[in-house]
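As structure tokens, the structure follows; a few thoughts come after it.
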Amino acid sequence: HFSAGLRMEKDAGERYYDSYGMFVELKDIGRFGQVVAGDYRIGFGEGLVAGSTVYQSKANPRMNVQHDLRPMKGMDETDFLRGAAALVDVGRGTTVCLFASSRKMDATLDDEGSVRTLVSGGYHRSRSEREKKGQVTQNVVGLNTMYKRNGFHAGLTSCIELFSRRLNPGTALYRTYYPKGTCFSSTGVCYGYAMRRFSVAAEPALS
């Protein structure tokens, strides 16, 4: 019912361990199927709103649907949430997952202090790379509710993302559709049906 972990990471060329995290996980405690505090990852539906991991399974079509809350155990410095999440079984094949996160992200800033580019490499070897470290805070809150029964599933995922600095990617043509502003929201509805040799699924979403 209980697990915990600590991770530390240092890239070649860095002077010290500059990436670290921990988690505490409880499983199968009453109505709570899972509770995670610390660093974690999530994935729901087809992954348009929350989740981008590879989850297809040719051997078992029922595994095509993401419905996943898991502690962060890898060495990735960017692809995770930091806070708390709880997965609750409300009965009759329905679960609800609530999640919240707040963590610092690396970024390149412009002269006005706005974020020109979010940096995901995780390297802090040189002075210029270290200056980009932790320049913006990302806050996320959201929920997912999922119903599964007899091979059928339907779910709703919604989240709000707030940055401590304004995203201002500039006017370059290739940045035309980059996100601009400080507050963003996404909502998606997933549904589908799976049997032994056949599965179909979809997830329309609005961001």
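The values are calculated or read from the model by the stated rules, or taken from the named source; none is laboratory data. All values derive from a computational prediction rather than experimental measurement. Note that we place each Cβ from the backbone using ideal geometry, even for glycine, and neighbour counts take in every protein chain shown. Quick note on the areas: whole protein, heavy atoms, side chains included, nothing else; ligands and nucleic acids left out. Shrake-Rupley method; radii C 1.70, N 1.55, O 1.52, S 1.80 Å.
Highest mobility in the GNM of the chain, judged by mean-square fluctuation with C-alpha springs under 10 Å and restricted to THR108, THR176, THR137, is found for THR176.
Each peptide in 15-24, 115-124, 70-79 gets a packing score, the mean of other Cβ atoms within 10 Å over its residues, and the list from highest to lowest is 115-124, 70-79, 15-24. Restricting the calculation to Cα atoms, every distinct pair contributes to the Kirkwood radius of segment 86-127, found to be 14.2 Å. Summed over the residues of the chain and divided among them, the accessible surface reaches 60 Å² per residue at a probe radius of 1.4 Å.
Here TYR20 and LEU206 are evaluated by their C-beta separation; at R0 = 30 Å the FRET efficiency comes out at 0.25. Among 179-189, 165-175, the peptide with the highest mean count of other Cβ atoms within 10 Å heads the list, and the full ranking is 179-189, 165-175.
With coordinates expressed along the principal axes, the C-alpha atoms belonging to the chain extend over 56, 42, 30 Å, beginning with the largest. What's the center-to-center distance, using Cα atoms, between segment 178-203 and segment 99-127 in Å? The distance from the Cα centre of segment 178-203 to that of segment 99-127 comes to 27 Å. Where is the GNM fluctuation largest for the chain (alpha-carbon springs, 10 angstrom cutoff): GLU112, GLU131, GLU46? It is GLU112.
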